[in-house]
Structure formats: structure tokens, C-alpha cells
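Single-structure report; data block below.
The values are calculated or read from the model by the stated rules, or taken from the named source; none is laboratory data. All values reported here derive from a predicted model rather than from experimental measurement. Virtual Cβ from ideal backbone geometry, glycine too; neighbours counted across all protein chains shown. These area figures cover heavy atoms from the full protein model, side chains too; ligands, DNA and RNA do not enter into them. Shrake-Rupley method; radii C 1.70, N 1.55, O 1.52, S 1.80 Å.
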Amino acid sequence: MSEIKLTIDGKEIIANDGETILRIARANDIFIPAICYLERCSPTLACRLCLVEADGKQVYSCNAKAKDGMKVLTTTPNIKEERKAIMEVYDVNHPLECGVCDQSGECELQNYTLLEEVNNQRYSIKDTHKPVKNWGFIQYDPALCIVCEKCVTVCKDMIGDSALKTVPRDSEALDKNYKDTMPKDAYAMWNKLNKSLIGTSSGSTLDCTNCGECTSVCPVGALISKDFKYKSNAWELDKVPSTCAHCSVGCQIYYETKHTDISNSEQKIYRVSNESHFTTLCGAGRYGYDFQNNSSTGKDKSALKRAVEAVKNAGTIIFNSQITNEEAFILQKLKNKLGLKLVNNEAYKYAEFFKTYSHVVGKSLYSADLDYIRSCDFIISVGSALKTDSPNSRFAVNNAIKINKGASLYFHPVGDPVMESIKGVLQIKSKPYSEEQILSYILKRFGKNLPDNISKYLLNIDFSDVNFPDNFEATLDGMLKKKSRFGLIIGADLYSSPQAHNLAELVGLIEIYSDFKILLIPSDTNTLGVIKICQLDKSGNGKRIGYNEKADFTISAFGDGDFSVPALNQQEGTFLNIDKRVVPLNVALKFDGFELNDIANEILDEVHENTIDYTVELFNKIEFDKLSNEFSNSGEDLRGYVVNSSNIEKRDVTFHLAQSEKNRIQGKAIYLANPVLQFNKFTAKAHQLQEKGGLYVSPEYAKELSVVDGNNVLVATKNGSLKVSIIIDNKISGNLAILPTFDSNIDSRKLFDGYRFIEAKINKV
Amino acid sequence: MSLDAFKNRNIGSQNYVPVNIENYPTSGWDKFKQVVKRGVGKELFVGLWVVLREMLKFKIHTVQYPSEVLPIGPRYRAVHKLLRLLESGNERCIGCGLCEKICVADCIRMDTRVDENSRKEVVEYSINLGRCIFCGYCAEVCPELAIVHGSRYENVSEQRAHFVLKDDMLTPIDFLKQQKEFSGFGALSPNADQLVKKTPLAY
């Protein structure tokens, strides 16, 4: 990208060509007012406040690209008059309920009204009756809405649900005199505002994946969280910057805490908020925050003693990847000292896949991150139910398609109506066990200068399990027109596949011989950190200690084990997230009992007061207290630090590319995944997300099985059977049922062999 | 924890800290010195003279408290009250939290929630009088004239820290007619109507 020089308000600035004036100004600490502008989304052009004068001409700075040598003035008397009139218009008929409004002063309408020195009202129009709408987690009060359309924009450009749209307001027309007397832009803005309100795209209620991002971007109190309504003023809440603990994206969040009530001074998390310009949360992150461990009984020395004895006598520690780097490091130290086995099946599979892949490409880490995906214009996703496995990866795909006019191929056996509804995504419902064929196809189609043995091999592959639609080649050619940045997202189906080794090699080859950069979505919150820190074992022996897993002696953050430790919102630590970035977690709620570090202090030769004393020994050797957790004005991610990829030994592809054993699943299959809003037992514990799991089936599959919501069915595979109730989920399609892992009452893993698909019989009981 | 703990005014056997007072003279010589200092010094006669003079005038200034109570100025800041709307009897407090925010002693807390009519309801409101410095900011900032200073300055209690809960401050509904409008700091000025800029209405 070439550099350009321009001046804004007399300040000389060097910027990248193609940037908008507003972004350049903000990155250089120059303030231009704007209500409807959203970073990373397309300009809405609803508020018109960002009006500036560029080379003597008035332009909207959110939309206008800067040019070399441009002279920009952010205010002129005329612009000032326009902005004041715009704010006056926004204030027309706005209810005077600031005293109880949930925005409680964090209101852009208030801010800009004061900033533009609005002290009287010149305009008026007859108000219309607009009742409050209840949309599940969200409440919409149209009376407070200023129709900046930020919610519509974020839902379309970032989330991909497109569940909101503008609907008619049914208001009287504006007084004709205003057209001549009012400032031009203010009148045009009002004319548009007077015709629209926000409504749902389909039906009377909001049909979406409940990410709540619309409430986060709302500049006034029109879209709010129903649970939080009237509970607290924003200024009473302490914002604790931290990292979401539910999936590998590790979004930056703020836990907002306050005393519980008048008679109880214990801190409580009231809500989670995010910097909506720079991060986007999914519903699990936004609503699944109160998973803290309340079962601590203080520093119980005898319990600690029992735990230490149990660890000393154990042969194996079983754990999962909802764990900080520091805890993983302590587990590894315990392994070194006591010769324990560390068992974490999910991370083990990821580690094996990762190792094979990284030796093929000769790099210690994969090449893409979510920022790269957002900058792509052609993305392929293989083996991940993106919407639920890694919501932010889905947001990134959608964002890339919308902003870069991109296209995407989404290969997955489970149909996803949300992905399908995104224009530009071609969903291909391939069969289970077809991942090898898909990757081979990608290599064949996009590989350049392939070695002879590989191209010869690819010639013989039959792609029948991929289920390509008719005229696929022509469609793909159309999709690939003018595309230059390619991303390949690989999901957890591949890590657990019986052909994982081949698949990893194929992914490596795609990286080497094509333009694709690869993103291997870590299958759980801190899987990437765990595999970089721990040497995992395939299986264990002796007595088993469970760390957040059930075992002979259970150390648990759920409060149901033999020894209680803090949950992830009660401790400091770091994650290594999907962007290969070490991101910090902070303490939102106190935990007054012992933690893993206290057990380690009794056993290891070294004693550390805090768990985070280990942070400095990890990755780039930076102390915990030196890790920042913020974004710059220009949206630059300043959280923690990025772990750089290093060159490692390159091994030849062993390449025993066997054909996938065909048609392994003859009948119907089930898939191991969670529904929208759920990731694990922690999300299921949060008060807003408490729900019972079941067998999730698409509406059409329910018809085929002739079952309705709540019917009990027996799901039987060759490994056993489970009685569960049917839950009809309109966020999946096709005839593949989903069994969840978040509900501790459903031991779904025992039905599976490791791979996420298995043949199953579903019978009504 | 329920609020009963706060409502229990029975102090029982609490540990009071004795105030450190200088010791009384013990030896005879010290007592003699104190008597001489007080007896021969001028102040004895000053007091006697004032009493004699006032007695001769036959004018008695003493207010016969408690049977006689002096009126107190509207700006006096005594123990708080929560007022009701005179017409409907509804609580004036809307739970905006400004008093909680402005309180310099950080002694106000309130719990709010959505009520059945989806309005904001103040479930509980407390002022810790042990910390309150009676600065009057809460009454001044209140946009609804809901929290005001009353005229009750007789604070007889075992502990200053006794909280004032919502029930203690709120005008009882059957005493609504006796409720007086507050005219201290934060009340509307007499010419408030003239200061209002009218918003045009399209009706």
C-alpha cells in the first residue's frame, strides 16, 4: 500500500492510501464526531455528523477516502451549524427518561447534544406510539431509538445473521417549511429518520444467534440486555479488563462488577461489555459470565493436605484445555517432578495434528490469524461447525465477505442455515469422513508447481463424498474472479479424524503449494497454549487426578469435586489464543480458597506466591504485570504479545495417502457439537444460559423422525446408548443430529470413538 | 443476610472503647494546687457576675426544651426523608442513582430492579448515618425532590452508624397529607417557571 500525505486541521499526517478520513483522523488523535460509524463495518451514513470539509468540499469522512495532498477541516461554521441541527433533530420527542435509562450517561446522544451546545429546540413533529419489544435476551425500546442503524450494520457486516432491518415508522411527513429553513444535511437526515425504525428481518421476534452485539453497539438505551435492565447504573460498575474463557478466540471483555446488594458487599458480575469497534462477542461470551466457583470454604489446610497427598500418590492427571497457560505450566512441572502422565485427549489430538502439519511446512505455528481472515477475499472452511465451534471465526468470514466483496466455501456435513444465508458463502454438505477428499481437491485446484508424485496421486482421487453441487467448477470460477487473498480455516473434525495424519500433511502441502494461509482453530479455549507448554500423554495409569474432569480425586472449579479451585473469572493468568497472542485474564471475583499453585508449592522445589509468577517463564518471557489488555485508537491490538513462528525441522511428507475408506457411515449419523450459546459446563452454569441439553435436530429432520420438541429418544451407537429429549434447532439443517457436551447429565462422549461423527440409530421411546 | 441485622437496635454487650481522660489529682498537694488555681483565678467571679446581672433583670432566656422547640430554617440539614408524590402517593424516587454517585462520604446505597409495570423500582435505599456528613449534596442533586433533608435533628440512638433504611425515611402513606414540600437546597427557585425554555409541540 502506498503512503499519502494530508493535513487535517493543520496537522500533517502520513497515512495509507485507501483509508477513510475518519479512520486517519482517529488514528492520529483528531476528533471527528460520529454516531453511526462502526470500525470494521461498512459506513452506514445515517447520522451525517462526521461531515468535514476536504479541499473546500463537504464530504462524509466515514465514507470519503483520503487523497494525497488533501487539506481537511473538521469544523467550519457551516458544519458546526449542521451538526447542531442534527443533534436538535435527534432530541425531538426523545423521552426525558435519562434518570432511569440503562445507558446511564454512557450515551452518545447526551454527549453530542452537550458537545454541540444544543440548548433549545426549534423543531417538532407529532410523536407516534411505539411499544417496547421483547426479543429474547434483548429488549428494544423504539421510543429511545435514534435509528443510527448501527445494530443493522453490525448484524449484517460483522455477525452475519442479518436479523435486523429498518422498518417503516408510520410517522407524519415533516413540515414542509423545514426544507427551506433547516440546514441541508440535518433535513436530509431527519427525512430518512422519520421514515424508519428498527425491526426484525423475519417474523415478530428476533431470530438470530443471540450474540447481543446490537446491544453493545447501540449508542443510546434503545437496545438493552433484558437481564441487566434497571439493575445498576453504568458508573457504579467496576470494569475489569479480561479475556473471555469460553473458546479459543479469547476475545477481550470487561467483567463489570459491583457489590451484590445493600446487605451484601460481595462483588458480583452484573454484565460483560466489549469494545464493539475492535472486538465482537458471541452470546456465550456476553451472557455466560457468572460461572465462578462459590463453594470455597476459605483456606482449609486439611483439604490442601489431602490434595497434595492425592497428587503425590497419583499416576495421571486428566485435564481439559479450559485452563490458563500458568496452570498448564504447573501441571507440566508436576509431571517433571513426579513422573505423572498428563492426559488431555482433545489437546493431544490437536497436538499430533499440529506437529505433523508444522513439520511439513517447517514452521512452529500456523500462518493465519483472524485479522488475516478478515482481510481475505476468498476463504475456505473445512471441518468446523463454525457458528458454534468458533463464533468469531464465523464473524471473520462474514466480515471478509461483506467488506472485501469476498466469497467462501463452507464444507461441513451439518447444514448451517446461518452460513447459507450469507450471500457469497457456498455451503457444501459433504459426507462425514470426506475431509481427505476435500483437502485433496483444494490442493489439486489451487496448488501450483506440485511435485510429480503428489499430482499423480491427486489424479486418482474420487471426490464423490464431497457432494459437489451441479456446475460446481463454473460456480467456483465465478467466485474466484478478482480474488487475491486466500484463507483456509481448519476445524476440530480433522484433528479427531482417524486420518488426521494424512489430513495434517495435506494441510501443510496446501500451505506450501498454494496461496492459502492456514488457520487451525484450536479446539478448546487454551488448546494452543496447552500443546505448546505440556508434553501430553496418550493415556495414563495409576490413580487419576482430575483437573476440572471427573476422576479418582477431582480438583474442580465447579465446586463439585474433592478440592475447590478458582474458575477462570476468579484468577489471573494468560491464554495463547487463536491469533497466537498471549492474552491476560484478570480477577473479576474473589476466591478465598487455595489454588493449583498452592498444591504445587507443597510439592515442587520452588515456591511462588502467585500463579502468575510463572508467566515470565513462558513464551517471550514477559512478566504478567507488563501485559496490557487494550486497543489503540486506530484499532491496533495491544493485548499481551504475539508469539512469533520460528523455523523448525522440515520433514518429508510420509504420504501414505490412502483413500478414505468409503461410506463408513451407512445409515444416519450424529455429530458431537454444542448448540448456539453453549461451549462447556461453564457456560451451562451461567444464570442466563442455564438450559438442558438434548438431541438437537433440524425442523425437517424432526419431521422425518416424526418427533416434536421434548420427545424422548434413545440414541444408540456401537459404543452404547443414551436416552435424551429432542430439541428442535432451527439453526441447523439437514438430517444429522447433534449431541452436546455442555450438559454434565448427558455423557455424550461415550457414544463416540473420538471422531466427531458416528453412525447412530435414533428411536422414539 | 437479611436486613434484620440492621434493624436490631439492641446494642447488647458490645465492646466500647473508653475515652482517655487525664487522671484526677491524687496527692493532697496536687489537689490544693488545683483548688487555688480555680478559686483565686478571675473566672469564678465572671460567672457569678453574669448570673447576678441576669437575675436582677428578671428576663429568662432559657428555651424550655423539650416542651418548647425552636423552629428550624428550611436550609437546615438534618436526617433525610424520602418524599412521595402528593397527588398519587407514589414514591418520587426513580432510582437514578445520582445521590449515590454524588455522595462525598459514599454512604448511600440502593438496590433497583424492574417492577411488574416494567418501571424502575427502588427496592431498598439506605444511608449510613455513621458516615453521612450532612452536606446536602444528595438533596441538591435529586432531580425529583425525592431525597430531602428533614427537620429531625434529635438523633437519639445507641450508635451513630445505625442505618436509615427506606422504610424509616419514606413518608408513610397515611401521613401523606402532613408531608411538607422541601424548600432547602435543590428545591425549585420561586421563578423556576420563567427560566424554562419551552419546547415546540406539533399538536
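Points worth noting:
Listed here are the residues, each with its yes/no results for (1) modelled with pLDDT of 95 or more; (2) within 32 Å of the chain's Cα centre (by Cα).
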{"site": "A:Met1", "(1), (2)": "no, yes"}
{"site": "A:Asn16", "(1), (2)": "no, yes"}
{"site": "A:Glu19", "(1), (2)": "no, yes"}
{"site": "A:Ile32", "(1), (2)": "yes, yes"}
{"site": "A:Ile35", "(1), (2)": "yes, yes"}
{"site": "A:Arg40", "(1), (2)": "no, yes"}
{"site": "A:Thr44", "(1), (2)": "no, yes"}
{"site": "A:Val52", "(1), (2)": "yes, no"}
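- Criterion (buried (at least 16 other Cβ atoms within 10 Å of the Cβ), within 11 Å of chain A (Cβ to nearest Cβ) and either within 22 Å of A:Ser104 (Cβ to Cβ) or hydrophobic (A, V, I, L, M, F, W, C) (or both)) met by exactly one of B:Cys132, B:Cys138, B:Cys103, B:Cys142: B:Cys142
- Hey, A:Asn274 open to solvent by 10 Å² or more (accessible area, probe 1.4 Å) and either within 14 Å of chain B (Cβ to nearest Cβ) or aliphatic (A, V, I, L, M) (or both) or not: no
- When the stretch B:168-195 is filtered for residues that are over 30 Å from A:Tyr178 (Cα atoms), modelled with pLDDT under 90 and within 14 Å of another protein chain (Cβ to nearest Cβ), only B:Asp168 remains.
- Single residue of A:Thr554, A:Thr574 found to be closer than 27 Å to A:Glu623 by Cα, assigned to a strand (DSSP E or B) and open to solvent by less than 60 Å² (accessible area, probe 1.4 Å): A:Thr574
- Residue that is most open to solvent (accessible area, probe 1.4 Å), among those in the stretch B:85-100 that are touching a residue at least 24 places away in the same chain (Cβ under 8 Å) and more than 14 Å from every other protein chain (Cβ to nearest Cβ): B:Leu86
- Any hit, the stretch B:108-127, residues being away from chain A (no Cβ under 14 Å), open to solvent by 30 Å² or more (accessible area, probe 1.4 Å) and in contact with a Gly (Cβ under 9 Å, 6 or more places away or on another chain): no
- Scanning the stretch A:207-231 for residues that are among the small types (Gly, Ala, Ser) and buried (at least 23 other Cβ atoms within 10 Å of the Cβ), we see that the one that is nearest to A:Asn577 (Cα to Cα) is A:Gly212.
- Identification of strands (runs of 3 or more DSSP E) wholly contained in the stretch A:648-765 with 1 or more residues that are open to solvent by less than 20 Å² (accessible area, probe 1.4 Å) and either basic (Lys, Arg) or in contact (Cβ under 8 Å) with a residue 24 or more places away in the chain (or both) yields A:669-672, A:695-697, A:712-717, A:720-728, A:737-739, A:757-759.
- Lone unmet requirement of (1) surrounded by fewer than 16 Cβ atoms within 10 Å (Cβ to Cβ); (2) over 30 Å from the mean Cα position of the chain (by Cα); (3) within 14 Å of chain B (Cβ to nearest Cβ) for A:Asn134: (2)
- Residues that are without any contact (Cβ under 8 Å) to a residue 12 or more places away in the chain and either touching a Gly at 6+ places or on another chain (Cβ under 9 Å) or away from every other protein chain (no Cβ under 13 Å) (or both) within the stretch B:155-167 comprise just one, B:Val156.
- Screening the stretch A:355-385 for residues that are of a type in the set (A, V, I, L, M, F, W, C) and touching a helix residue (DSSP H, G or I) at 6+ places or on another chain (Cβ under 6 Å) and picking the one that is surrounded by the most Cβ atoms within 10 Å (Cβ to Cβ) gives A:Ile379.
- Any chance A:Gln110 is under 30 Å from A:Val397 (Cβ atoms), at pLDDT 95 or above, out of contact with any His (no Cβ under 9 Å at 6 or more places or on another chain) and not assigned by TED's automatic domain parsing to the domain that holds A:Asn392: no
- Wholly enclosed strands (runs of 3 or more DSSP E) of the stretch A:43-126 bearing at least 3 residues within 14 Å of chain B (Cβ to nearest Cβ) and surrounded by fewer than 15 Cβ atoms within 10 Å (Cβ to Cβ): none
- Residue, nearest to A:Cys98 (Cα to Cα), within the stretch B:146-167, restricted to residues that are out of contact with any strand residue (DSSP E or B) (no Cβ under 7 Å at 6 or more places or on another chain) and buried (at least 17 other Cβ atoms within 10 Å of the Cβ): B:Ser151
- Filter result for B:Lys198 (away from chain A (no Cβ under 14 Å) and surrounded by fewer than 15 Cβ atoms within 10 Å (Cβ to Cβ)): no
- Number of residues in the stretch B:74-84 that are in a loop (DSSP other than H, G, I, E, B) and open to solvent by less than 70 Å² (accessible area, probe 1.4 Å) equals 3.
- Checked against (1) more than 22 Å from A:Trp235 (Cβ to Cβ); (2) among the hydroxyl-bearing types (Ser, Thr, Tyr); (3) under 19 Å from the mean Cα position of the chain (by Cα), B:Ser67 passes all but condition (3).
- One residue stands out in the stretch A:173-186 among those that are farther than 19 Å from B:Tyr203 by Cα and free of Cβ contacts under 8 Å to residues at least 40 places away in the same chain: the one that is surrounded by the most Cβ atoms within 10 Å (Cβ to Cβ), namely A:Lys179.
- Any chance A:Asp127 is within 27 Å of the chain's Cα centre (by Cα) and at pLDDT below 95: no
- Residues satisfying the stated conditions in the stretch A:285-301, i.e. modelled with pLDDT of 95 or more and assigned to a helix (DSSP H, G or I): A:Gly285, A:Arg286, A:Tyr287
- Entry remark, the stretch A:212-260: residues being within 14 Å of another protein chain (Cβ to nearest Cβ) and assigned to a loop (DSSP other than H, G, I, E, B) number 10 in total.
- Counting only helices (runs of 4 or more DSSP H) that fall entirely inside the stretch A:464-528 and contain at least 2 residues that are open to solvent by 30 Å² or more (accessible area, probe 1.4 Å), the qualifying elements are A:472-479, A:500-513.
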